[in-house]
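These notes concern the structure reproduced below.
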Amino acid sequence: MTALDLIREKRDGQAHTDDGIRFLVEGAAKGTIPDYQLAAWLMAVRLRGMTDAETTALTLAMAASGRQLDLSSIPGRKVDKHSTGGVGDKATLVVAPLVAAAGVPVAKISGRALGHSGGTLDKLEAIPGFQVDLPVDRFLQQVDRIGIAIAGQTADMVPADKVLYALRDATATVDSVPLIASSVMSKKLAAGADAILLDVKAGRGAFIATVLEAQALAEALVTLGTRAHRETVAYVTDMEQPLGRAVGNALEIKEAIEALAGHGPPELEALSLRFAAEMLRLAGVPPVDLHRHLTDGSALGKFAELIAAQGGDPRVTENPGLLPTAPVQRPVLASTAGYIARADALEIALAGKTLGAGRDRKDAPIDLAVGIVLEKKVGDPVAAGEPLAIVHARTPAAAANVADRVAGAFTIGAGAAPRALVLRRVTASGVERLDV
Ligand code: URA
């Protein structure tokens, strides 16, 4: 068997055998299959899809491409969380310390920015000194010692995802159900948690446009988790507009710090509290007053502990001014009065990427300081001349270059209601509608 056989097989719409999938995943992890062949195979999968059996085989092979953690020495039921990717999605940065502050250990493997979406690892790297590359033993010791670790895929852990993830980002092959499902679930299975909470994003800023398709992805993820004997719950949440107000790496860390201190945007706080409560339930821990952890400093304190343990400067939690800051801040103004009917997450993300907040090549550096902060969200009233958003840019020319795109992301109408954020809850027993 060769990589060429597998590319041809998938190009022609045939299903791979388990052996074929294992060969490919091993070749990706060990570097024996060159990037150009992996990229061609990814595109064939993106265009031709995979059967459920292939997706399961791909997930298990990717999880087995490196070390699979045994967290049993850490007391309690460990719970993990993952999002399928969105714009301004800093929920993990709030939920993980919040849950850890409530006594549930969190051992999380995250990813970098993918396509137009942001990545938790890039965001954390906006904190001066923060290390996302943790050797497995240190990762485990840290979870045992302080109840939380957030690290990236390494040569040790899910190396196949590290390679495929970066290639997908640079080859327009992100938005594929089998590739998203295997990427997310291989990390979750390898990280060894007993239970998994997933946030499947639906809408313009997500990789899945419709609620129906997002629900199908949520069901596929729950099936993969359940078959691997991990209790798995997936929420479908709205990603037509960015989550919260900040889009951009350091800007999102600042907003997460605000939320951890109990004064973040209300919808980010509500979503984080719901996810944290679900994670406590999955951990088998009785409900506690999670809101209190946001107001008494314990969740923020846990974030500071996480930062210090991974080499970062924990003083950012008290003084976000220590985060990288863009020299130029340019408001984008409303041309008419009315109500915000749309704040297009994809357009805002692409404007952020143009500013330098994302990458076009797999090894390109990103500008951690730049981004966009929304002053208005869907349903808000706006007067002519009021700011819709503030562009944080490296230069006045860079800000001017995206100003029209940011303005065009907003639609102002005669009246508009706020959007429902939490749409579905999917478990092994079925689908619950939450937006009625
Ligand atoms: N998150 C991941 O880890 N992988 C994806 O493919 C999408 C989101």
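Quick notes on this one:
- Taking N as its residue count, the alpha carbon Rg of the chain over 2.2 N^0.38 Å: 0.94
- As a rough footprinting exposure proxy, the listed residues 232, 171 were ranked by other beta carbons within 10 Å of their own, and the order from fewest upward is 171, 232.
- Computed from backbone phi with θ = phi - 60° and the Karplus coefficients 6.51, -1.76 and 1.60, the 3J(HN,Hα) list for region 175-181 is 7, 9, 4, x, 6, 5, 4 Hz; x is used for glycine and proline.
- Residue 404 versus residue 226: modelled label distance in nm, points set 7 Å from Cα along the beta carbon direction: 5.1
- What separates the Cα centres of region 257-322 and region 1-26 is a distance of 44 Å.
- For 424, 315, the sequence from fewest to most other C-beta atoms within 10 Å is 315, 424.
- Residue exposure sequence - 235, 165 - by fewest surrounding Cβ within 10 Å: 165, 235
- Residue 412 sits among other residues whose Cβ lies under 14 Å from its own Cβ, and their net charge, with Lys and Arg +1 and Asp and Glu -1, is -1.
- Largest to smallest principal axis extent of the C-alpha atoms in region 294-399, angstrom: 48, 40, 23
- Residue separation of residue 15 and residue 411 scaled by 0.36 nm, minus their Cα-Cα distance, works out to 138.2 nm of gained length.
- Above-threshold pairs, the threshold being 24 Å between Cα atoms, out of 162/377; 187/377; 123/201; 353/376; 201/254: 162/377; 187/377
- The relative contact order of the chain comes to 18 percent, based on Cα pairs under 8 Å that sit 6 or more residues apart.
- Counting only Cβ charges, +1 for Lys and Arg and -1 for Asp and Glu, the dipole size of region 3-49 around its Cα centre is about 180 debye.
- Centre separation in Å (Cα based) which lies between region 76-104 and region 181-223: 14
- Antiparallel bridges, percent of DSSP beta bridges restricted to the chain (to nearest 5): 60
Here, each number is a calculation from the coordinates, and none is a lab measurement. The model shown is predicted, which means the values in this text are computed figures rather than measured ones. Because the Cβ atoms are built from the backbone with ideal geometry, glycine has one as well, and the counts that use them run over all protein chains shown.
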